[in-house]
Amino acid sequence: MTAELVRGQNHPLSQSRLEIRISAGTPVVAAAALGDESGRIHGTEWVAHPGAPTQPGLEVSRQAAADHRLAVDLDAVTDAVHRVSVLLALPAAGGGPGPARFGSVAAPFVAVTGLDGEEVASYTITGLEAESAVVALELYRRQGAWKVRAVGQGYAGGLAELLTDQSLPEAVQLAGTIGEAVARGLARSVQAPPPRPSDGDRSRQPAAPAVGPDQGGTAPQGTPDPVPPSYGGQPSGGPGQDGPQPAYGAGAADPSTTGGPIDYSHPRRQTSAPPPPPPAAPQPRPGQPAQPVAGDATGWSMEERLYNQVWGMFEDLARTTAAYRSAVDFAESRMDKELEQALSDPRSRLGGQGDAAREAARARHAELVGQARESLDRDLAQLVAEAEVVEPALPPAFARWDNPAWHAYRVPMEIPMALRLGDLRLPEADPLRIPMLLRLPLERGLWIDSGRADSLDGSFTDSHDMRRLAMETAVAHAARLLAVYPAGEFTVHVIDPAGSGAQALAPLTGTGVLAAPPAQGAAGVGDVLGRLTQRVDLVQMALRGGAPDALPPGFDTSQQLLVVNDFPHGFDDRAVNQLRYLADEGPSVGVHLMMVADREESSAYGPLLDPLWRSLLRLTAVPDDHLADPWVGHAWTYEPPVVPPGSQVLHQVLTQVAAARRAWRR
């Protein structure tokens, strides 16, 4: 199970020997720093960098490269070390060639993997602009256990500013030393690899799979044979002292001596056969655009291709709309400038000359806007045509409730890649709806906001109807989660202290898919929260002790979802603290939270609950433009999932889920 982290999110680590893989669109310098409890670096010997690539428990690359693999042995670091920070920098910041800021290159991707190559957590570092150095992520020790946290803290002043912020006294001198080491190795820089299918690949064009030595092909001449990683014993001294050092890829040939590139494939990674080619689009007529085909993105399965295709449509719409808005802004600024120039001359303020200048400025503005709109309409027509073929081909987990795929629904045998939470649209492309897909398993909770009463079209919904709509939206999300998981692998609990959500909960209670009847009253709230909190503690202790199979007999290992209605009614201080604990620690051990609440009603708690709301993904029961994309930051309008009026699809699907769960228990 891979955790796709966002900035500030953490994830537990169950292994001590790890690889940290870094992919960037340009050569970057990778380093790793050891820190104490406060994050302070005590000296240059606490930093592994190209000039000193090995430290106790660490080994980094000796050169700038687009791909890096850092070796980490957490058992080999001393008790004084509580943090291992992964640092990235652009060589140009130290006087080398290439880009000088991360904002001009593709967002770096960092993954923490085990020695078998299986990803534990990953993080795409977005939002960088003028920064030339960044703390990508950190491994940190907490109560005897290690976790990884996505940091993404950038520094425009480069490595010197970064190391100074880490309280290193010799920050400037060490940054210079690293720059010199990088300059000596720039001739060996490894450029960005060719695109390859992966979970996060959003390429719209099919790519031919590369054949390497681990796939039965012939290795390129000059490529060294992969060497299994070896880790040294645990040193007895502190950072920088002599002792056995971890060595990854020891004995691998240096490209400066072999004349060929380094083989960055994992020596023990078992690869499957290349993915079959995507469906081919029919040849277009001369002068006509290519006809779209469902599943034409890269991927190892049709589900993955459709997932990547939807993401590609989302990105295409974001970028073409950004280009249109930029062109309109330019046209308006140019018209304003021309009008200002025309009015600055007293002779042209009055009379026909001034009127002619103003008309000419407005005509040029209309021409530029018209050209931009024509280009946007052309792109939108292609995207609409693509949506028309993609939407019917989506599997149930990705499909709307009115999709015929639900009428042929069968309880799945495997967990899907993602789940549809609703639709996204932009005002310039109102007819086009992009599915909002969220990767599974959930890595953060959901908050269905029942407090917003006015919609974007100016209509108003009273508070009672708003609560009902919010609860119906939560039930639709919970039903879909139950439907896309195999029987017995997803359990739903409900807290409804006052019973106000009984009508909306009828599809869940009537079909018998809930773990127990909705908990009511303060006693019911305390009982459910106590059991789930105890579950989180138990699983965490098992993972920290390295014995995940030592759980009690009959322990329910399925994913757990807690739906909370009408918060904070029925919650005392203890229950509030337990809820916060579940939101923070639950997702890492399979306990997830879905809140149906109005934030204003819990304002009496003050800032105490601010971390809770920030940890949840906010959704609404009416259209709301509160979501932003990671590329250009558009405000996207979110539209919640809607079950067609009078449709029995929800009842039919949940009835099948309930029957499958009963058969599974036998």
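Remarks
- On a per residue basis, the stretch 507-666 carries 46 Å² of accessible surface, using protein heavy atoms and a 1.4 Å probe.
- Each residue of the stretch 140-155 was assigned a 3J(HN,Hα) from its phi angle through the Karplus curve 6.51 cos²θ - 1.76 cosθ + 1.60 (θ = phi - 60°); the sequence is 9, 9, 9, 6, x, 10, 9, 9, 10, 10, 6, 9, x, 7, x, 9 Hz, with glycine and proline shown as x.
- Gain in span if fully extended, Glu601 to Glu359, counting 0.36 nm per residue against the direct Cα distance: 81.7 nm
- Extension gain for Arg7 to Glu118 (0.36 nm times residue separation, less C-alpha to C-alpha distance): 37.8 nm.
- Ala547/Lys337 FRET efficiency (R0 51 Å; Cβ-Cβ; nearest 0.05): 0.10
- From the alpha carbon centroid of the stretch 585-606 to that of the stretch 621-654 is 20 Å.
- For the stretch 503-523 versus the stretch 545-583, the gap between their alpha-carbon centres in whole angstrom: 17 Å
- Surface share of carbon and sulfur [accessible, 1.4 angstrom probe, percent] for the stretch 502-608: 53 percent
- Amide hydrogen proximity for Leu446: with H placed 1.01 Å from N in the peptide plane, the residues at 5 or more positions away or on another chain lying under 5 Å are Leu593, Met594, Met595, Leu617.
- Residues of the stretch 433-453 with amide N under 18 Å of the 7 Å Cα→Cβ point at Ser301: 437-442
- Among the GluC sites (Glu not before Pro) found in the stretch 126-168, those both in a DSSP coil and sparsely packed, with 14 or fewer other Cβ atoms within 10 Å of their Cβ, are Glu129.
- Added length on full extension, which subtracts the Cα-Cα distance from 0.36 nm per residue, Thr78 to Ala663: 205.4 nm
- The distance linking the stretch 53-70 with the stretch 375-402 is 44 Å (Cα centroid to Cα centroid, whole angstrom).
- Efficiency of FRET between Arg319 and Ala156 - r from beta-carbon atoms, R0 22 angstrom, step 0.05: 0.30
- Efficiency of FRET from Cβ geometry, Arg378 and Ser647, R₀ 51 Å, rounded to 0.05: 0.90
The values are calculated or read from the model by the stated rules, or taken from the named source; none is laboratory data. Remember, it's a predicted structure, so these values are computed and weren't measured experimentally. Glycine also receives a Cβ, built like all others from the backbone with ideal geometry; neighbour counts cover every protein chain displayed. These area figures cover heavy atoms from the full protein model, side chains too; ligands, DNA and RNA do not enter into them. Shrake-Rupley method; radii C 1.70, N 1.55, O 1.52, S 1.80 Å.
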